[in-house]
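To start, the structure under review is shown below, and the notes come after it.
The values are calculated or read from the model by the stated rules, or taken from the named source; none is laboratory data. Small disclaimer: the values here were computed from a predicted structure and weren't measured. So basically every Cβ, Gly included, is an ideal-geometry build from the backbone, and we count neighbours across all protein chains shown.
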Amino acid sequence: MITSPRRALIPAAVLALGLIISGCSSTSSGSDAAVVGESRITNEQLESDVSGVLVAQGKATNTSDAQLVTQTLNWLIVMSLLEQVATDNGVVVTQGDIDRERASEVTAAGSEVASKDAYLKQLVSPEQIDDRIRFALLAQKIAAVVAPGQSSDAATTALITTVIAKSNALDPQVNPRYGTWNSTDLQIGSSSSGLSTPLPTATPAIAQ
């Protein structure tokens, strides 16, 4: 992703970083990749996002890429958590916000093509760019709410703490074929079946 002056790195715990907390956790069914509270991430949704990246890379949609699958699902889970935290705090990101940020990134990159290439290097297809920008802007706005007037580091810490608290409350459930969810790290860990692949350590920039 192209880093603008308003963007800074967020730790991997928030990377990858949906509304009702129930008394007990929902359970992932065979058609779900994960369940986050009452929000379900279907296998179809996961496969569609993964296929989008593979197509953008010029690869066949049936290409086996466990790391891409894991990273994509991890992001979908954290995005769901972030959306629910945003709702809890009255935070909203409009399409206008997204459009303005995207235009700024294209300008910084030098062209639309260069901007898309930068995202693709981070396994984000052109169709997923708006969602990633929305994620970044939500994180920025939530941090401002939970840590008003604080330094960048303090705001980041408060943001992570808030998302972890939401994860602990909702206890996301992941389909065993993809691994298990670790709320402390906000990451999918390897499954006993060995079908899961640990997330890479690279951390794309998001809004600060």
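Structural remarks
- In the range 22-46, the residues that are loosely packed, with under 15 Cβ neighbours inside 10 Å form no Cβ pair under 9 Å with any partner that is of a type in the set (Phe, Trp, Tyr) and at pLDDT below 90, whether six or more places apart or across chains.
- The single residue among Ser151, Ser115 that is touching a helix residue (DSSP H, G or I) at 6+ places or on another chain (Cβ under 7 Å) and among the polar types (S, T, N, Q) turns out to be Ser115.
- Of all residues making up the range 125-148, the number that are within 19 Å of Leu68 (Cα to Cα) and over 14 Å from the mean Cα position of the chain (by Cα): 2
- In the condition set (1) touching a strand residue (DSSP E or B) at 6+ places or on another chain (Cβ under 7 Å); (2) crowded, with 17+ Cβ neighbours inside 10 Å, Ser152 is compliant with all but (2).
- Any hit, the range 28-43, residues being out of contact with any helix residue (DSSP H, G or I) (no Cβ under 9 Å at 6 or more places or on another chain) and in a helix (DSSP H, G or I): yes
- Of all the listed residues (Ala139, Ala60), the sole one being assigned to a loop (DSSP other than H, G, I, E, B) and hydrophobic (A, V, I, L, M, F, W, C) is Ala60.
- Residue satisfying all of: in the range 182-207; over 14 Å from the mean Cα position of the chain (by Cα) and either crowded, with 19+ Cβ neighbours inside 10 Å or not in a loop (DSSP other than H, G, I, E, B) (or both); modelled with the highest pLDDT among these: Asn182
- Residue ID - nearest to Val50 (Cα to Cα), chosen from residues in the range 157-181 that are crowded, with 17+ Cβ neighbours inside 10 Å and aliphatic (A, V, I, L, M): Val174
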